[in-house]
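J.: I have a structure I would like to understand better, so I am pasting it below and will then ask my questions one at a time.
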Amino acid sequence: MTRRTRTRNEGPVLVVHPSSDLYGADRMLLESVRQLVDAHGDVVVAVPGPGPLVPLLLAAGARVEQVFSLVLEKRHLEPRNWPALVRDTVAGLRPALRTMRRLRPRAVYVSTEVLPVWPLLSRWAGAHVVVHVHEAELEMPAPIRLGLALPVLPAHRVLVNSECTLACLVEAVPRLAGRSTVVLNGVAGPADPRPARAHLDGQLRIVYVGRLSERKGVHLVVEALRLLEERGVNAVLDLVGDVVPGKEWYEQRLRRAIETAGVSHRVRFRGFHADVWPWLEAADVVVIPPVVTEAFGNTAVEAVLAARPVVVADHTGLREAVGDYSCVAGADTMAPDAAAQLADAFAAVAADWPRFRAASAADAPVARRRHDPRVYGRQVADAVAPPSSGRFGGTVGAEVLRGPGALAEKERTA
């Protein structure tokens, strides 16, 4: 069978995404779609099912279709699970083929590296292919990282959200270096954030926003809360988010840990909220405590945009996201004494509140400029445009959006 000849400008831009939720990567997808609609007009987004993301995509002017896709997971790459991988690949290939044949897209934007069917299928169909990688799994064995990265190879362009992600991707598949560009996430924050309160009268209000999962380290914050109570620091914790479906066991374990630690009166489960800004505004300090590699730190950036101090895991992409802000207190959440380090960081913020409060107010406008969604969106739209498509063709201005690092400096001075 021969591949048919196609015209570059025919068909819509197809966007493929593995989730219909509204967490960090989903918010980035929404911002990308807004800009793609503005730049390219006809945009179709394929998602696995209904969810809070869907009405926002429709409001952005995109068409939305429900298309089952294989989402590549670590378990798929273990030899004992290869039969399931073959089965799931075949199951995902059929709806993908039907979608491609019906839409005949001129460009395909795959929002993550864990949708392995789409880059190869889109390249075979003659579309311009862009993969946006948001994952950096440095803890995984090299063969698994290779298995996750290989499906990206058919892409014409690869966008990554941080130097950490780029390093992880290129270490696995060096050939991807020449077509990969770091584009910092665009995060829309309040234009005029309300300053943190002048005095910490009463309780220190700690807020966690995100998934409730073991890898996110929420249990460490619970233990840190117990340690703060022992030190006489009066603190409360709001957990804004829910568990991944199928992993309700973690919430049950977390609730038991809260009871065992004797801090039930200090922890409040607030559930998922699409609008996180009221919760950030109500906080004195925001905590981001993952115990594994994070490619970037959207929630950390949101906290800085909200003009709030941040206690953050001092490693990988999180360090890159907030490393040069003065409102940040770090803790090594991979260390054996991680909970104690978190407690120390909270206590440091409380003890030096005037400095952290002033730093938060000064850092917010810097973060607004660095993570301007309009700049981010233009770069994504430019990358998605086929080279011959006119106004939006060309290369991404990576040097404008890169974070600090030797690779960025090399590109700026080339």
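J.: All but one of (1) assigned to a loop (DSSP other than H, G, I, E, B); (2) in contact with a Phe, Trp or Tyr (Cβ under 8 Å, 6 or more places away or on another chain) hold for residue 198, so report the exception by its number.
T.: Going through (1) assigned to a loop (DSSP other than H, G, I, E, B); (2) in contact with a Phe, Trp or Tyr (Cβ under 8 Å, 6 or more places away or on another chain) one by one, residue 198 breaks only (2).
J.: Could you tell me whether any residue of the stretch 346-365 is among the acidic types (Asp, Glu), over 30 Å from residue 33 (Cα atoms) and in a loop (DSSP other than H, G, I, E, B)?
T.: Within the stretch 346-365, one or more residues are among the acidic types (Asp, Glu), over 30 Å from residue 33 (Cα atoms) and in a loop (DSSP other than H, G, I, E, B).
J.: While we're looking at this one, here's another question. Return yes or no: is residue 56 surrounded by fewer than 22 Cβ atoms within 10 Å (Cβ to Cβ), among the aliphatic types (A, V, I, L, M) and modelled with pLDDT of 90 or more?
T.: yes
J.: Can you name the residue in the stretch 279-300 that is at pLDDT 95 or above and more than 19 Å from residue 340 (Cβ to Cβ) and is also surrounded by the most Cβ atoms within 10 Å (Cβ to Cβ) among such residues?
T.: Here the residue is 286.
J.: Can you report the number of residues in the stretch 201-219 which are in a helix (DSSP H, G or I), surrounded by fewer than 22 Cβ atoms within 10 Å (Cβ to Cβ) and basic (Lys, Arg)?
T.: 1
J.: Continuing with this model, one more query. Among residues belonging to the stretch 331-355 that are crowded, with 19+ Cβ neighbours inside 10 Å, of a type outside the set (A, V, I, L, M) and touching a helix residue (DSSP H, G or I) at 6+ places or on another chain (Cβ under 7 Å), point out the one that is farthest from residue 207 (Cα to Cα).
T.: 333
J.: Among residues belonging to the stretch 256-278 that are within 20 Å of the chain's Cα centre (by Cα) and surrounded by fewer than 20 Cβ atoms within 10 Å (Cβ to Cβ), point out the one that is nearest to residue 325 (Cα to Cα).
T.: Per the stated criteria, the residue is 277.
J.: Which one of the conditions (1) in a helix (DSSP H, G or I); (2) surrounded by fewer than 20 Cβ atoms within 10 Å (Cβ to Cβ) does residue 139 fail to meet, given that it meets all the rest?
T.: (1)
J.: Checking the structure you have, find out if any residue of the stretch 142-156 is closer than 19 Å to residue 301 by Cα, in contact with a Phe, Trp or Tyr (Cβ under 9 Å, 6 or more places away or on another chain) and at pLDDT below 95.
T.: No, the stretch 142-156 has no match at all.
J.: Filter the stretch 151-172 for residues that are closer than 25 Å to residue 127 by Cβ and surrounded by fewer than 18 Cβ atoms within 10 Å (Cβ to Cβ) and give the result.
T.: 153, 154
J.: Six or more apart or on different chains, Cβ under 9 Å: which pairs go from a residue in the stretch 261-281 that's over 18 Å from residue 209 (Cβ atoms) to one that's among the basic types (Lys, Arg)? Could you list them?
T.: 261/226; 262/226; 263/226; 264/255
J.: Is there a residue being crowded, with 16+ Cβ neighbours inside 10 Å and of a type in the set (D, E, K, R) anywhere in the stretch 68-82?
T.: Looking for residues that are crowded, with 16+ Cβ neighbours inside 10 Å and of a type in the set (D, E, K, R), one finds none in the stretch 68-82, hence no.
J.: Looking at (1) assigned to a strand (DSSP E or B); (2) in contact with a Phe, Trp or Tyr (Cβ under 6 Å, 6 or more places away or on another chain), which is the one condition that is false for residue 329?
T.: (2)
Residue-by-condition table, conditions (1) farther than 22 Å from residue 381 by Cβ; (2) more than 17 Å from the chain's Cα centre (by Cα):
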| residue | (1), (2) |
| --- | --- |
| 10 | no, yes |
| 13 | no, yes |
| 27 | no, no |
| 33 | no, no |
| 41 | no, yes |
| 54 | no, yes |
| 68 | yes, yes |
| 106 | no, yes |
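The values are calculated or read from the model by the stated rules, or taken from the named source; none is laboratory data. What you are looking at is a predicted structure, and each value in this text was computed from that prediction instead of being measured. Methodologically, a virtual Cβ is constructed for each residue, glycine included, from the backbone with ideal geometry; neighbour enumeration extends over all protein chains shown.
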